[in-house]
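Beneath this line is the structure, given in structure tokens, with notes to follow.
The values are calculated or read from the model by the stated rules, or taken from the named source; none is laboratory data. Owing to the predicted nature of the structure, the values given are computational and were not obtained by experimental measurement. Positions of Cβ are generated from backbone atoms using ideal geometry, with glycine treated the same way; all protein chains shown enter the neighbour counts. Calculation scope for accessible area: heavy atoms of the full protein, side chains included, ligands and nucleic acids excluded. Shrake-Rupley method; radii C 1.70, N 1.55, O 1.52, S 1.80 Å.
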Amino acid sequence: MANIIIVGAQWGDEGKGKIVDILSRYADIIARFQGGHNAGHTVHFNNKQYILHAIPTGILHPHKMCIIGNGVVIDPAALIQEIEELTSQGVEISEKNLRISKRAHLIMPYHKTLDLMREEKKGEGKIGTTGRGIGPAYENKVARTGLHIADLLFEEPLRQGLSSNLQEKNFLLEKFFQTSGLSLDELLDQYKSYGDRLKGYLSDTSIIINQAIYEGKNIICEGAQGTMLDIDHGTYPFVTSSNCVSAQACIGLGFGPQFIDGIVGVVKAYTTRVGNGPFPTEIKDEIGEKIRKAGREYGATTGRPRRCGWLDVVVLRHAARVNGLQTIALTKLDVLDSLQSLKICTAYRRKGQIFREFPPELHILQECTPVYEEIDGWQQTTHGIQCYEHLPQKAKNYIDRIRDLLNIDISMISTGYEREKTIFIKNSLLDRWLGIGAD
Ligand code: GDP
Ligand code: IMO
Ligand code: MG
């Protein structure tokens, strides 16, 4: 058994929720280490759909411990709403199965307003954020003026922290963005009540994690967003404001890298992106629309249509390197079932020059066009297939080509959104780490 990190290898929405959900049964603890309720992780079982935003996907498994780590930013109002919605769907959530790091930073209403106002001011050049206040909350954290969730429990420090933040934020809101500022007393009352509601969940979660490691328990670190949205390694500035790559798991949960046994990249069998920014393999014709429909590519958090494109191996090479990916869970293979032929981008071309690696400079990237390899579509259903041998030969060719181009083990293939519509590859790394008993 092992401690593993699961991260998105593209621009988010790769199907991390489904993969974490399936693997949760092999874990004792499932922990989120970055991002916030900008994430939307969808899981289907028993004909019900669940969308997780800030709470780890493992919460759907009774008796598993879920942790929201110090690296996550939390909007307490949104978190309380998420707890209530999941509870109304029959999910049991209590202090016994959900622990929240006292060090997690707060997303406050001024962060959300600043996020929306900044986007509006950027106009055409906007990032296309989820509008949840994620960027401004991380800014506050790094500026060393943010508030920890534990600050909700102590009135005087909370008043002082809010008051000094409001001096600056209200100035920005009123004078720069020409909108109304916020009242200290109203915020204080409201946030104290959120503190009362959440206090039972708060802990030093690094201690819980390290104790679990000491006891030989298994931890799944659940990434949010994806590598190309990472603040350092993504398509900056069209990124989110956290590190989404595997190394962040240690920082965002407070444990040492020596305890990581495996790193899994979730890869969608094609590419999507929601929000603005470069997307070299985007398909702008009816094939893109066909994929969007077949894959139900609409944002789980904002409902926005996702941009769709061909699989991009340049992106995946970059993701493999910056995360140290050891194995891949390939999702949504079934979405490609009806296509006559498929394209895989193996390199970019710019002014006669070939790039095999993802260029860091945005202006260069914007001038790159994909170099494609065409591959036959299988035009048969793969939906619900649970055994690799039962896949059509041409689907196997597609998977083999991805494996060869990346030289990475593929351990799972998802063929539908339900739990059971999954292939586990025998002798894959994941099989060996978790003892899944693949057929
Ligand atoms: P995440 O943010 O990475 O967890 O991904 P999302 O939940 O935002 O988006 C993935 C979507 O694809 C969800 O609606 C899943 O239910 C769905 N999904 C996951 N795996 C598969 C699959 O293999 N086939 C199909 N058709 N849908 C899938
Ligand atoms: P999951 O975990 C896809 C995108 C936004 C925008 C950019 C910045 O479900 O894969 P932000 O609100 O974070 O400041 O927005 O990042 N984005 C996501 N795209 N999946 C997500 O999460 C995302 N979280 C943020 O669309 O382009
Ligand atoms: Mg999502």
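DSSP bridge analysis restricted to the chain gives an antiparallel fraction near 40%, rounded to the nearest 5. Per-residue ellipticity at 222 nm from helix content only, as computed over the chain with -39500 (n - 2.57) for each DSSP H run of at least four residues, stands at -9500 deg cm²/dmol.
Once you've got the Cα coordinates, tell me which of Lys126/Lys421; Lys141/Lys217; Lys293/Lys394; Lys64/Lys293 are over 26 Å apart. Over 26 Å apart, Cα to Cα: Lys126/Lys421; Lys141/Lys217; Lys64/Lys293. All other residues whose Cβ lies under 11 angstrom from that of Gly131 are scored, Lys and Arg at +1 and Asp and Glu at -1, for a net of +2.
Take the Cα of Lys48, go 7 Å toward its beta carbon, and the backbone nitrogen atoms of the range 67-111 under 14 Å from that spot belong to 83-93. Close amide H contacts of Leu147 (hydrogens built in the peptide plane, cut-off under 5 Å, sequence separation of 5 or more or a different chain): Leu106. Taking amide H atoms as placed 1.01 Å from N in the peptide plane, the amide H of Thr331 lies under 5 Å from those of Val267, Lys268, Ala269, Ser414, each 5 or more residues away in sequence or on another chain. Given H placed on each backbone N at 1.01 Å, which residues far from Cys66 in sequence or on other chains put an amide H within less than 5 Å of it? Long-range HN contacts for Cys66: Ile30, Leu98, Arg99.
Note on Glu374 and Ser88: the extension gain reaches 98.2 nm, defined as 0.36 nm multiplied by sequence separation minus the Cα-Cα distance. Among Lys141, Lys169, Lys351, which one shows the biggest mean-square fluctuation in a GNM of the chain, springs joining Cα atoms closer than 10 Å? Comparing Lys141, Lys169, Lys351 in a Gaussian network model of the chain, the most mobile one is Lys351. The heavy atoms of Thr381 offer some 100 square angstrom of accessible surface to a 1.4 angstrom probe. With a Förster radius of 41 Å applied to the C-beta separation of Arg419 and Leu153, the computed FRET efficiency comes to 0.60.
Near Lys96, once Lys and Arg are set to +1 and Asp and Glu to -1 for all other residues with Cβ below 14 Å from its Cβ, the sum equals -1.
Residue by residue, the range 6-23 carries 3J(HN,Hα) couplings of 10, 10, x, 9, 10, 9, x, 6, 6, x, 4, x, 4, 5, 4, 4, 5, 7 Hz when phi is fed to the Karplus relation 6.51 cos²θ - 1.76 cosθ + 1.60 (θ = phi - 60°); x denotes Gly or Pro. Heavy-atom accessible area, probed at 1.4 angstrom with all protein chains present, ranks His233, His363, His318 as His363, His233, His318, highest first. Solvent exposure of Met117, expressed as accessible area, is near 40 Å², computed with a probe of 1.4 Å over the protein chains only.
Of the solvent-accessible surface of the chain, computed with a 1.4 Å probe over protein heavy atoms with every protein chain present, carbon and sulfur atoms account for 49 percent. Quick one: angle between helix 205-214 and the longest Cα principal axis of the chain, in degrees between 0 and 90, rounded to 10, please. Once rounded, the angle reads 50 degrees. Which of the three applies to the chain, rounded, prolate or oblate, going by the alpha-carbon gyration tensor with a ≥ b ≥ c and a/c under 1.5 meaning rounded? Oblate. In this structure the chain gives 42 Å² per residue of accessible area when probed at 1.4 Å with all protein chains present. Rounded to the nearest 10 degrees, the inclination of helix 184-198 to the longest alpha-carbon principal axis of the chain is 60 degrees.
Net charge in the neighbourhood of Gly71 (other residues with Cβ under 10 Å of its Cβ; Lys, Arg +1, Asp, Glu -1) is +3. Note the angle between two axes, namely the Cα long axis of helix 155-171 and the longest principal axis of the Cα atoms of the chain, as a number of degrees from 0 to 90, rounded to the nearest 10. That works out to roughly 70 degrees.
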